Amino acid sequence: MSKYDPTTERMAQTLGYVSLGLGASMTLAPRVVTTLAGVDDSALARLMTRVVGMRELMHAAGLLAGPPELVWTRVAGDAMDLPALLIAMGNRHGTRRLRAVLATAAVAGITAADVYTAWRTLSERRQGERGGVTADNVYTAMRRVQDRTSGSVGPKHVEAAVTVNRSPEESYQFWHDFSNLPRFMIHVDSVEPRGDGMLHWRAEEPLRHKRMEWDAQIVEDRPNELIAWRSVDGAVGPSMGAVHFDTAPGGRGTEVRMELDYPESPAGRVGMAVAKLAGEAPDQQARDDLRRFKQLIEIGEIVRSEGSPEGTHTRQLLRQRPAQPLPS
Amino acid sequence: MKANCWTGISSVEVEEVPDPKILNEHDAIVRITSSAICGSDLHLYNGFIPTMKKHDILGHEFMGEVVDVGREVGNLNIGDRVVVPFPIACGRCNSCQRGLYSCCENSNPNAGIAEMMMGHSPSGIFGYSHMLGGYPGGQAQYARVPFADVGPIVIDDGIPDEQVLFLSDIFPTGYMGAEMCDIKPGDVVAVWGCGPVGQFAIASAFLLGAERVIGIDRFDYRLRRVREKTGAEVLNYEQVSVLEALKEMTAGRGPDACIDAVGMESHHANPAMYAYDRTKQAARLETDRPFAIREAILACANGGTVSVIGVYGGLVDKFPMGSLMNRSLTVRTGQCHVQRYMKPLLDRIRNGDIDPSFVISHKMSLSDAPSGYRMFRDKQDDCNKIVLYP
Ligand SMILES: NC(=O)c1ccc[n+]([C@@H]2O[C@H](COP(=O)([O-])OP(=O)(O)OC[C@H]3O[C@@H](n4cnc5c(N)ncnc54)[C@H](O)[C@@H]3O)[C@@H](O)[C@H]2O)c1
Ligand SMILES: [Zn+2]
Ligand SMILES: [Zn+2]
């Protein structure tokens, strides 16, 4: 059971999405943001926008994945941004000034929401005690956040699903030809059947780009319905994986559901948040892999654009090339 | 090659960029013979569609000659003359097979960004932000056309570019806007926005049997064009109260169908109202200014249809939900499923039902695109529709 009332949790979540939106636009389109804020005349402002954008993405990861108390990190951020904006405002004239005023007003509004939400996390934790934003309370909250974000977390279970315009038979067969898996699983280099239902996997560890190899045993194989495998003891990859194929209603093809269990992750919550920001969290990977599976089985190839030449990959969303032909 | 690139808010530049190459087996490379500037491009130009990057090539209305094809493109030969539809669609997913090409499930490699903003992702679009795929557009000398086996239509006779170019977008878009109204005998259709898209919606409403069509805008030169080229009645919203006038013209019923061909950057005759939404939009408290859609809902007859083809990007404020719900209105929307309309509308052009070149007001060289954008945005020189030649 959560210690917070649902309103506080929802407010923290909402602020998480606000951070995500701000962070995404600041890192993807810093020029647009600086223009809106009336500070497009300064190269430093553009750089700062990117930096602050990265910070916003951290807030987002924290608030969306962690406890509502992480809203205090937003309050700390506001305390840095507001003075900077006020200074910028003072130095601008004309329409730039108007835009800076509007931007500052918007940030002030969000700050109010941050502080209020932060205050709620405190007062709910300390019912009966004197709540409110005191230095003491801020410190305790920060400590609590630290306690929760370090250390290890338990095994991670990941699920993803996609509907493909193909029959369960075709979907199952495509998947059961294990040499197809590296074609849509981004980090998998090869999957080699070694007899007796043994599969030898070779893959790259996403963040550290380290090569890994492990063996898995197929534990269940029901034609056109299910394939499940389990890593042999001491393996490095997911400890369990399964893919289910169900007929989608009304001739819509097949519902494909994938499950993966990762062993205990020593990186802990912070590691997971970093992976998420890099677009390499296990659930993001699973979703990307299924989207690519859909492209392969429906059209026979991975769809590439000049902005995303590698095709669908969450990591690439943050690293778009300009939409113009690749240099030859 | 030369290409017209987005370089920031209110700024485009013709740059020298690499020539496109085949990236997928379903691609074709097209040498562009003509392209056009669209009202949708103005939303990018004015900075209201997020996830643009500096040096993105713009343009989604283009045609030309096939100069290279990938291995999976069996229907096109080098040398074929083709018009390219603006939504990029695979033709094989469930949405494509239901004819919802602009909702293709496979053509947006950046679907993740679109999902964050819209819940689910629509198709990729040429030259229309990274959220919609990061594909270069066709205001250029060459373009890579994905799924060339599905989208482009071959024009095998000498019919001039100007008559078929708009099959790429605005003719099908206007037509779909009118088709979504399910026009029945006796129906009165009102169209907000008399830009090229509105003009095609008006012409199409007549083709589909509307009794009367009323075009609404504030630029007299556009209203005059509508009256002369389509025979529709017109209202200048700066001179009359649109709601009053429509009631009066329909003896109190209101139009049976209302088409919004304005979209997210609509304008209001009252400066205070305009300033209210303009400010909220500048502060990103709403992303879209919804005057036209608000008015279209309030004007529509009970039980009528509001057809939205003007483009919106995100959130609107003060949306008249009560009017919509209590009066049994139907809302229909969409980026146009162009692939669905190209063949039947080409037939209509060949039959002489319509000559789409009537919207063209300016022809320019691709290298003049920057001044073309300014002129089209500011509605200078009676600018209606600009065609660019590379
Ligand atoms: N759905 C689609 O597939 C699709 C395809 C192409 C274009 N579009 C959209 O259609 C819209 C129009 O495109 P266009 O090329 O004609 O652009 P345009 O800018 O030439 O025309 C817009 C017109 O709307 C008028 N207008 C503004 N505010 C108004 C109001 N409150 N009431 C009535 N009229 C008003 C303007 O004066 C202008 O004449 C744009 O939003 C564009 O993005 C949609
Ligand atoms: Zn267009
Ligand atoms: Zn499709």
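Points to keep in mind about this one:
- Proximal charge balance of A:Ala108 [Cβ under 12 Å; K/R count +1, D/E count -1]: -3
- Convex hull volume of the Cα atoms of the range B:208-293, normalised per residue: 112 Å³.
- Of the cross-linked pairs B:Lys54/B:Lys280; B:Lys280/B:Lys363; B:Lys184/B:Lys363; B:Lys229/B:Lys363, those separated by over 28 Å at the C-alpha level are B:Lys280/B:Lys363; B:Lys184/B:Lys363.
- Here the Debye sum runs over all C-alpha atoms of the protein assembly as shown as equal scatterers in vacuum, and log10 of I(q)/I(0) at q = 0.05, 0.06, 0.08, 0.09 Å⁻¹ comes out as -0.28, -0.40, -0.71, -0.90.
- Note on chain B: percent of Cα-Cα distances in each 20 Å bin, starting at 0 and stopping at the bin with the largest distance, equals 29, 61, 10, 0.
- Length-normalised contact order of chain B in % [C-alpha pairs under 8 Å, at least 6 apart]: 18 percent
- MRE, 222 nm, helices only [DSSP H, n ≥ 4, -39500 (n - 2.57), over chain B, to nearest 500]: -8000 deg cm²/dmol
- Net charge of Cβ neighbours under 10 Å - reference B:Thr305; Lys, Arg +1; Asp, Glu -1: -2
- Kirkwood hydrodynamic radius computed over chain A comes to 22.8 Å, based on all pairs of distinct alpha carbons.
- Put a plus charge on the Cβ of each Lys and Arg, a minus charge on the Cβ of each Asp and Glu, and nothing anywhere else: the dipole of the protein assembly as shown about its Cα centre is then about 2020 debye.
- Percentage, to the nearest whole number, of Cα pairs in the range B:171-333 over 20 Å apart: 45 percent
- As a proxy for reagent exposure, ranking B:Ser34, B:Ser323 by other Cβ atoms within 10 Å from fewest up yields B:Ser323, B:Ser34.
- Net +/- balance of residues flanking B:Asn24 in space, Cβ distance below 9 Å, scoring K and R +1, D and E -1: -2
- When the Cα atoms of the range A:186-315 are aligned to their principal axes, the ranges along those axes come out at 44, 43, 25 Å in descending order.
- The equivalent ellipsoid that matches the C-alpha gyration tensor of the range B:53-176 spans semi-axes of 24, 16, 15 angstrom, in descending order.
- Reach of B:Lys379 by Cα under 18 Å, taken over aspartates and glutamates that are not fewer than 8 positions away in the same chain: B:Asp41, B:Asp217, B:Asp220, B:Glu238, B:Glu265, B:Asp368
- Prolate/oblate/rounded call for the range B:272-390, Cα gyration tensor, a/c under 1.5 rounded: oblate
- If the chain linking A:Leu226 and A:Glu170 were pulled fully straight, counting 0.36 nm for each residue of separation and taking away their Cα-Cα distance, it would gain 18.9 nm.
- Alpha-carbon Debye profile of the range A:6-129, log10 I(q)/I(0) at 0.14, 0.18 Å⁻¹: -0.59, -0.90
- Top of A:Met212, A:Met258, A:Met54 by mean-square fluctuation, Gaussian network on chain A, Cα under 10 Å: A:Met212
- Counting Cβ atoms of other protein chains within 10 Å of each residue's Cβ and taking the mean over peptide A:290-303 gives 5.
- Translational diffusion of the range B:1-87, estimated by Stokes-Einstein from the Kirkwood radius over alpha carbon pairs at 20 °C in a medium of 1.002 mPa s, is 150 µm² per second.
- Footprinting exposure proxy ranking of B:Ile29, B:Ile159, B:Ile22, fewest other C-beta atoms within 10 angstrom first, gives B:Ile159, B:Ile22, B:Ile29.
- Loop-located trypsin sites (Lys or Arg not before Pro) in the range A:174-243 (DSSP state other than H, G, I, E, B) with a sparse environment of at most 16 neighbouring Cβ atoms within 10 Å: A:Arg194, A:Arg208.
- Reach of A:Lys294 by Cα under 24 Å, taken over lysines that are not fewer than 8 positions away in the same chain: A:Lys276
- According to the Cα-based calculation, Rg over Rh for the range B:264-312 is 1.02, with Rh computed by the Kirkwood formula.
- For chain A, relative contact order (Cα pairs under 8 Å, six or more residues apart, normalised by length) works out to 15 percent.
- Partners of B:Lys318 within straight-line reach, counting aspartates and glutamates whose Cα lies under 13 Å from its Cα and excluding those fewer than 8 residues away in the same chain: B:Asp277, B:Glu286, B:Asp288, B:Glu295.
Bear in mind these aren't lab numbers, they're just calculated from the coordinates by the rules spelled out. Owing to the predicted nature of the structure, the values given are computational and were not obtained by experimental measurement. Please note: Cβ atoms are built from the backbone with ideal geometry, for glycine as well, and neighbour counts cover all protein chains shown.
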